[in-house]
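I have placed the structure first, in the form of structure tokens, so that the comments after it can refer back to it.
The values are calculated or read from the model by the stated rules, or taken from the named source; none is laboratory data. If you're wondering where the values come from, they're calculated on a predicted model, not measured in any experiment. Quick reminder, even Gly has a Cβ in these numbers, built from the backbone with ideal geometry, and neighbours come from all protein chains shown. With ligands, DNA and RNA removed, areas are computed over all heavy atoms of the protein, side chains included. Shrake-Rupley method; radii C 1.70, N 1.55, O 1.52, S 1.80 Å.
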Amino acid sequence: MVAERPKIVIIGAGMAGITAAHKLYTASGGKDAFDLCIVEGGQRIGGRINTREFGGDRIEMGATWIHGICGSPVYEIAQKIKSLESEKPWECMGDLFEEKRSVTETRAEGGFVVNPDIVDPISSLFDRLMSVAQCKAEKGDLGGIQVSSIGEFLKLGLQQYWDSKSDKSENIEEVKVCGNWSRKMLEEAIFAVCENTQRTYTGAGDLFNLDYAAESEYRMFSGDEITIPRGYITIVEYLASVLPPGMIQLGRKVVKIEWLGSENDDLSGNISSKPVKLHFSDGSIMQADHVIVTVSLGILKAGVSEESGAGLFSPPLPFVKKEAILRLGYGVVNKLFLQLSPSESQEDCNLCKMPFLKMVFHRPDSEFRHKKIPWWMRKTSSIYPIYNNSSVLISWFAGKEALELESLNDEAVIDGVSTTISSFISNPNQFHEECNGNMEFKDSEFEFREVLKSKWGTDPLFLGSYSYVAVGSSGDDFDTLAQPLPRAENRGSTTGSPPLQVLFAGEATHRTHYSTTHGAYFSGVREASRLLQHYQLVKHITDIQ
């Protein structure tokens, strides 16, 4: 009688899940050793990678960048399959973030062009402070002050900058440099632009929730940060291409994972039963020897929350793992795309007049703020064409502003963006006015024909975008989340449950590369290697960076 092959079920067809399946299936002996399948709650593969078409251009609704090309497995795959070559226009083509330096317009609310002599020192200050926090530069003296968050550290750094200014004769709080803007107000607002950009990088809606000590653990690959011309989805499609038809099951949402904890090792009298039972939203059930859970941290948080009722896991996860899940930060970041439409008085060539616009807002409580600019726009740092001369604009949102964006209809979005642009650009053909007084306010000449936005926060399959280390958490929590169940001390005992029933992968399980697609990739390789080692198909778990 032929022995039954171990059943391995991977939950989630994103980068981590597809990578784990690819590793298991292509390993020497793996194809015949396992009964392998992937169950995906949605109707597509890719997870938080979602390449789309908009306005004739290729865009990314989710993951966008290869964060450093030296050592990145994503870059290696992209090179191998020639995804870095494309005749079709794509988001951030042509080294946008290099070219933009010559076309960037930093404007203050009211329509004032801000002189680079004011912008550059504050931007450089912010970059230096983040380098210190990330241990890329020597730690400075905080004057004995202990800080717990990046927000606190940045606030302290800006104050120390003001205190250390050599020219004490100028009262930066009173001297007006642009209409109703004093220099201090302007510097503070420019610093806020940098902070808001950082919010989208980290996923932390509030930088006062982003842990200061853990920032130094985050790792990036060296080399250029680039986009993928043929689309990020081509990486996942390549990894999935080796899997046989039917191995990936779409529209299969898992609502409960039953496993056998050390204190719950009753196999219901049937020694041949598999230890893990998956319950699906359609009422069906699947049994497995091992399950690799690659769902987002947002789904895990909802699954272990007291408010979620029965919860995702039965029995509930061990206390230490549950607490790690609840402590870690998980944010919402959304992208907004708008397609420009020329008015009757404009020619198509005038669409390229829109610069890479950085927006310097008054504080929300300022008496000088433009009352019609909606609150959800006020922490948006920029709006710009996705590449030079494109008719498609992009803007990024984080935190509560990102969630608000999801709730708005297209008309409300267009109205809010148009009102905002009008306050910054009184005449879209005059981008080089000096900051020498109030400019006449009138409606923007820009018109939009279509809107597309991501909705990661309310998507029931993700409930957010990516993880970060929140204040009160640490890198140890990523490691705790990555540990398989049952716990190591319970495996192999005479009364303990079968080993490696539930394994965990995904960007939120990687201590140094969390929040990235390559972190998800590494985690998928790690858990596949763990199972291959368990069945002695490899000697050691692959050394994951």
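For segment 393-428, how many residues meet the condition of being part of a strand (DSSP E or B) and small (Gly, Ala, Ser)?
Counting residues in segment 393-428 that are part of a strand (DSSP E or B) and small (Gly, Ala, Ser) gives 2.
Identify the residue in segment 180-205 that is modelled with pLDDT of 95 or more and not in a helix (DSSP H, G or I) and, among all such residues, is most open to solvent (accessible area, probe 1.4 Å).
Per the stated criteria, the residue is Gly205.
If you check Val304 against the conditions, is it modelled with pLDDT under 95, within 30 Å of Lys453 (Cα to Cα) and among the aliphatic types (A, V, I, L, M)?
It is true that Val304 is modelled with pLDDT under 95, within 30 Å of Lys453 (Cα to Cα) and among the aliphatic types (A, V, I, L, M).
Please work out which residue is surrounded by the most Cβ atoms within 10 Å (Cβ to Cβ), limiting yourself to segment 361-392 and to residues that are among the aromatic types (Phe, Trp, Tyr) and outside any strand (DSSP E or B).
Phe361
How many of the residues in segment 207-239 are touching a Gly at 6+ places or on another chain (Cβ under 8 Å), over 30 Å from Ala21 (Cα atoms) and buried (at least 19 other Cβ atoms within 10 Å of the Cβ)?
Summing the residues that are touching a Gly at 6+ places or on another chain (Cβ under 8 Å), over 30 Å from Ala21 (Cα atoms) and buried (at least 19 other Cβ atoms within 10 Å of the Cβ) in segment 207-239 gives 5.
Quickly run through segment 322-350 and pick out the residues that are open to solvent by 50 Å² or more (accessible area, probe 1.4 Å), at pLDDT below 95 and aliphatic (A, V, I, L, M).
Matches in segment 322-350: none.
What are the pairs with Cβ atoms under 6 angstrom where one residue, in segment 16-29, is within 14 Å of Leu531 (Cβ to Cβ) and the other, located anywhere, is open to solvent by 40 Å² or more (accessible area, probe 1.4 Å) and in a helix (DSSP H, G or I)? Sequence gap at least six, or different chains.
Filtered contacts from segment 16-29: Thr19/Tyr521; Tyr25/Lys31.
Of all the residues that make up segment 199-249, how many are within 20 Å of Ile81 (Cβ to Cβ) and among the aromatic types (Phe, Trp, Tyr)?
3
Restricting to helices (runs of 4 or more DSSP H) lying wholly in segment 1-98: which have 3 or more residues that are surrounded by fewer than 18 Cβ atoms within 10 Å (Cβ to Cβ)?
Counting at least 3 such residues, we get 73-80.
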